[in-house]
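*Asks:* Structure in structure tokens, see below.
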Protein chains: 2
Amino acid sequence: MCVIGLGLIGGSVMRAATTAGRDVFGYNRSIDGADAARADGFDATTDLDEALGKAADAGALIVLAVPMPALAPILRRVRDRAPHCPVTDVTSVKGAVLAEVRAAGLLERFVGGHPMAGTAHSGWHATDAGLFVDAPWVLSVDEQVDGQVWTEAMTLALDCGAFVVPALSDEHDLAAATISHLPHLLAEALATTAGAIPLSFALAAGSFRDGTRVAATAPELVRAMCEANATQLVSVLDQALRLLTDARDHLAEGRPVSDLVDAGHAARLRYDTFSRPSIDDVVIGADGWRAELAAAGRAGGVIRSALPTRDSPAENPPHPR
Amino acid sequence: MCVIGLGLIGGSVMRAATTAGRDVFGYNRSIDGADAARADGFDATTDLDEALGKAADAGALIVLAVPMPALAPILRRVRDRAPHCPVTDVTSVKGAVLAEVRAAGLLERFVGGHPMAGTAHSGWHATDAGLFVDAPWVLSVDEQVDGQVWTEAMTLALDCGAFVVPALSDEHDLAAATISHLPHLLAEALATTAGAIPLSFALAAGSFRDGTRVAATAPELVRAMCEANATQLVSVLDQALRLLTDARDHLAEGRPVSDLVDAGHAARLRYDTFSRPSIDDVVIGADGWRAELAAAGRAGGVIRSALPTRDSPAENPPHPR
């Protein structure tokens, strides 16, 4: 398989897939990143055409792990150099990626992916073969996805130690806005507000540290994911602003803030006891398989071991390339 | 010394002060809490007059560790039964406590305190002798505080392993609103928003977990601290709402969110490198000592070992009672 972009996520996919016994090679734009990967014993080049040519020859799964702004030109090169390879990605916003993939004419070989893992650090030096262990890895089940490509992406996610959450791209983006992009903006607002108040850093303890941890993320990464998912983010941000403004008005009028506090506490407890039943009764490629997976994912279901496909039973998964 | 209220904070003070070699006894309203403390070998009663009578006989430092709504009647009993004892507290809001202390006529024997430590759990069973180790413990330096009482409160905080941050009550409350009460409301809003979006719990990972951790705190504790500090909290909440609304408008208009993201990142980095120089050149009780400590605390200064007092040098601190 071929990983395009060897930053935190792409590099960690390269490490994890290699640990799982796969034959992996990759491309990185910067010489420093490619050199660092090579120094750690990996097959990395700064020549995109070389990597894509090798992928085309092997029919390898191509994993796009470049930032959103770099995606369009890369997709055009994939179309020109490796048009028949199955393609997946690891980008945090699925609707915007899908639009670029459609524009590049690669829709039928593409399954969008998003491993929900990360750290505040970035670059090859932060990569970790264990980054995806027990983490959710979303795979899109939009109506156009191909069962064979989906199976390849699923096998990669499972090989990396993740469990797979099947979801429609739009639903993913609204949920990601809520549980990832919104927390980033709240953390930035909290850190900024505290930064202007004398004595606040002197008193800061656990609730401030936890509440601002993700504000340490590189600003360009935060901007990229928030701005690429702007429509969905505005919708959940409006909801959070309504809740906070209500609480603010209650406090200003000397009334209790029980509405917000009780609802927040109840939601967090539901999250703590949220179960993830295994999905094991869907056959990839069978009639209605995409809608079945979307419904199961919406209900909390996850894929922990490879599902069978209509053409190849689970006992005999496709050989990883 | 005498601890009134043996919940998470009061009980942990009892454990920490005992570990430091002090003679500690306490009162708890509920039989269960007092029984649990006694079962762990501590001197605890459910008879408030008995505890206060013993404190009066010994001239013991009284530590008020009851929730805000229970404070006024307790203060009246302290005034009636132990009016000459030095008194401190461990409540998260200092202005409101000061008003109650003033109303009870106990101002001249009182120094407000606030150890900035806690967990999402409460009650005696959550107590921990190490809870305050390396945590900030605020002591108020309002204009009326007595040097001798201040020294006793300082010695207790240091005995518990904390470092002391001197601050005016008002400044403390604004900072506490920012770094403790605001994060709680943001966490409640984040958890509530996510709770209404299908798929969000299924995708939640680190940034959601961290951002909602304090939403697991008992709602009555969150309400008590937010509502008791409503004025200051409204002020910082307005600031956070302004920042988030600006970001929302930028996103809706397809403009970058760099203002908020860059400011938040910079503030968090400043916090990560925030240093806490030791205050060691102030003599408690000397001319202008309160203003000197307030200024030093505002600049990040903390007290890590007992300051000398005008009447008793640091080499010979008052014997803990």
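*Asks:* From the backbone phi of the stretch B:82-98, what are the Karplus-calculated ³J(HN,Hα) couplings (6.51 cos²θ - 1.76 cosθ + 1.60, θ = phi - 60°) in whole Hz, Gly and Pro given as x?
*Replies:* Going residue by residue, I get 9, x, 9, 6, x, 10, 9, 9, 10, 7, 7, 10, 8, x, 5, 5, 4 Hz, with x marking Gly and Pro.
*Asks:* Looking at the P(r) of the stretch A:14-128, how many percent of alpha-carbon pairs lie beyond 19 Å?
*Replies:* 46
*Asks:* Over chain B, with a Gaussian network built from C-alpha contacts below 10 Å, which listed residue (B:D32, B:D89, B:D246) shows the highest mean-square fluctuation?
*Replies:* Residue with maximal mean-square fluctuation among B:D32, B:D89, B:D246: B:D246.
*Asks:* Other chains' Cβ within 10 Å of A:216-229 residues: what's the mean?
*Replies:* Average per residue, whole number: 4.
*Asks:* Rounded, prolate or oblate: which one fits the stretch A:173-272, using the alpha carbon gyration tensor with axes a ≥ b ≥ c (rounded when a/c is under 1.5, else prolate when a/b beats b/c, else oblate)?
*Replies:* Verdict is oblate for the stretch A:173-272.
*Asks:* In whole Hz and in residue order, list the ³J(HN,Hα) couplings for the stretch B:12-21 that follow from phi through the Karplus curve 6.51 cos²θ - 1.76 cosθ + 1.60, θ = phi - 60°; x for Gly and Pro.
*Replies:* Result, ordered by residue: 5, 5, 4, 5, 5, 5, 5, 4, 6, x Hz.
*Asks:* Another question, then. Given a Förster distance of 25 angstrom, what is the FRET efficiency for B:D43 paired with B:S305, based on the Cβ-Cβ distance and rounded to 0.05?
*Replies:* 0.30
*Asks:* Right, another one. Search the structure for amide H atoms under 5 Å from the amide H of A:T309, placed 1.01 Å from N in the peptide plane, and list their residues when 5 or more places away or on another chain.
*Replies:* Here the answer is A:I284, A:A314, since their amide H atoms fall under 5 Å of that of A:T309.
*Asks:* On to the next question. Can you list the residues, at least 5 places off or on another chain, whose amide H is less than 5 Å from the amide H of B:A129, using H built in the peptide plane?
*Replies:* none
*Asks:* Once phi is turned into ³J(HN,Hα) by the Karplus curve 6.51 cos²θ - 1.76 cosθ + 1.60 with θ = phi - 60°, what whole-Hz value does each residue of the stretch B:288-304 show in order, with x for glycine and proline?
*Replies:* x, 5, 5, 5, 4, 5, 4, 5, 5, x, 4, 7, x, x, 9, 9, 9
*Asks:* Per the helix-only calculation at 222 nm, which mean residue ellipticity applies to the protein assembly as shown, given -39500 (n - 2.57) for every DSSP H run of n ≥ 4 and division by its residues, nearest 500 deg cm²/dmol? Kindly include the intermediate steps, with their values, before the conclusion.
*Replies:* Details: 28 runs with 314 residues, N = 642.
Taking each H run of at least 4 residues, the total per residue is -15000 deg cm²/dmol.
*Asks:* Right, here's the next one. I'd like the distance between the alpha-carbon centres of the stretch B:1-69 and the stretch A:169-207, rounded to an integer number of Å.
*Replies:* Each part reduced to its Cα centre gives a spacing of 38 Å.
*Asks:* Could you work out how far apart the two model spin labels at B:A58 and A:V133 are, taking each label as a point 7 Å from the Cα in the direction of the beta carbon, and quote it in nm?
*Replies:* With each label placed 7 Å out from Cα toward Cβ, I get 5.0 nm.
*Asks:* Further question: Kindly state, to the nearest 0.05, the FRET efficiency for A:A72 paired with A:S235, given R0 = 25 Å and r defined as their beta-carbon distance. Write down the numbers at each step before the final one.
*Replies:* On the way: r = 25 Å, r/R0 = 1.01.
That gives a FRET efficiency of 0.50.
*Asks:* Moving on. Along Cα→Cβ, 7 Å out, is where each label goes; now give me the distance between the ones at B:A99 and A:V283 in nm to one decimal.
*Replies:* Here the modelled spin labels are 7.1 nm apart.
*Asks:* Also, quick follow-up: What span do the alpha-carbon atoms of chain B cover on each of the three principal axes, reported in whole Å from largest to smallest?
*Replies:* Principal axes ranked by extent give 70, 47, 34 Å for the Cα atoms.
*Asks:* Compute the normalised compactness of the protein assembly as shown: alpha-carbon radius of gyration over 2.2 N^0.38 Å, N being the residue count.
*Replies:* My calculation over the Cα atoms of the protein assembly as shown gives 1.12.
*Asks:* With the crude spin-label approximation of a point 7 Å out along Cα→Cβ, what separation in nm comes out for B:R29 versus B:R276?
*Replies:* Using points 7 Å along Cα→Cβ, the separation is 3.1 nm.
*Asks:* Peptide A:230-238: average number of partner chain Cβ atoms within 10 Å per residue?
*Replies:* Across the residues of A:230-238, the mean count of other-chain Cβ atoms within 10 Å is 5.
*Asks:* Enumerate the aspartates and glutamates that B:K54 could reach by cross-link, defined here as Cα to Cα under 16 Å, with residues fewer than 8 away along the same chain left out.
*Replies:* By straight Cα distance, B:K54 reaches B:D23, B:D43, B:D80.
*Asks:* With a ≥ b ≥ c the root eigenvalues of the C-alpha gyration tensor of the stretch B:227-289, is it rounded (a/c under 1.5), prolate (a/b larger than b/c) or oblate?
*Replies:* Note, shape of the stretch B:227-289 comes out oblate.
*Asks:* Based on DSSP, what percent of beta bridges with both residues in chain A are antiparallel, to the nearest 5? Don't skip to the end; give the middle numbers.
*Replies:* Details: 4 of 25 bridges.
Approximately 15 percent, going by the DSSP bridge assignments.
*Asks:* Related question: Per-residue Cβ counts within 10 Å, from other chains only, averaged over A:163-173: what number is that?
*Replies:* Partner-chain Cβ atoms within 10 Å, mean over residues of A:163-173: 2.
*Asks:* Another question, if that's okay. In the stretch B:227-305, what GluC sites (Glu not before Pro) fall in a loop by DSSP, with at most 16 other Cβ atoms inside 10 Å?
*Replies:* Here the sparse-neighbourhood loop sites are B:E253.
*Asks:* If amide H atoms are built 1.01 Å from N in the plane of the peptide, which residues on other chains or at least 5 residues away come under 5 Å of the amide H of A:F163?
*Replies:* Result for A:F163 returns A:D134, A:A135, A:W137.
*Asks:* Decide, for the stretch B:215-321, between rounded, prolate and oblate: order the square roots of the alpha carbon gyration tensor eigenvalues as a ≥ b ≥ c, take rounded if a/c falls under 1.5, and otherwise choose prolate if a/b is larger than b/c, else oblate. Mind showing how you got there, number by number?
*Replies:* Values: a/c = 3.18, a/b = 2.06, b/c = 1.54.
Note, shape of the stretch B:215-321 comes out prolate.
Every number here is computed from the coordinates shown, using simple stated rules; none is lab data. Here the structure is a predicted model, which means the values were calculated and not measured. Here the Cβ is made from the backbone with ideal geometry for all residues, glycine too, and neighbour counts use every protein chain on show.
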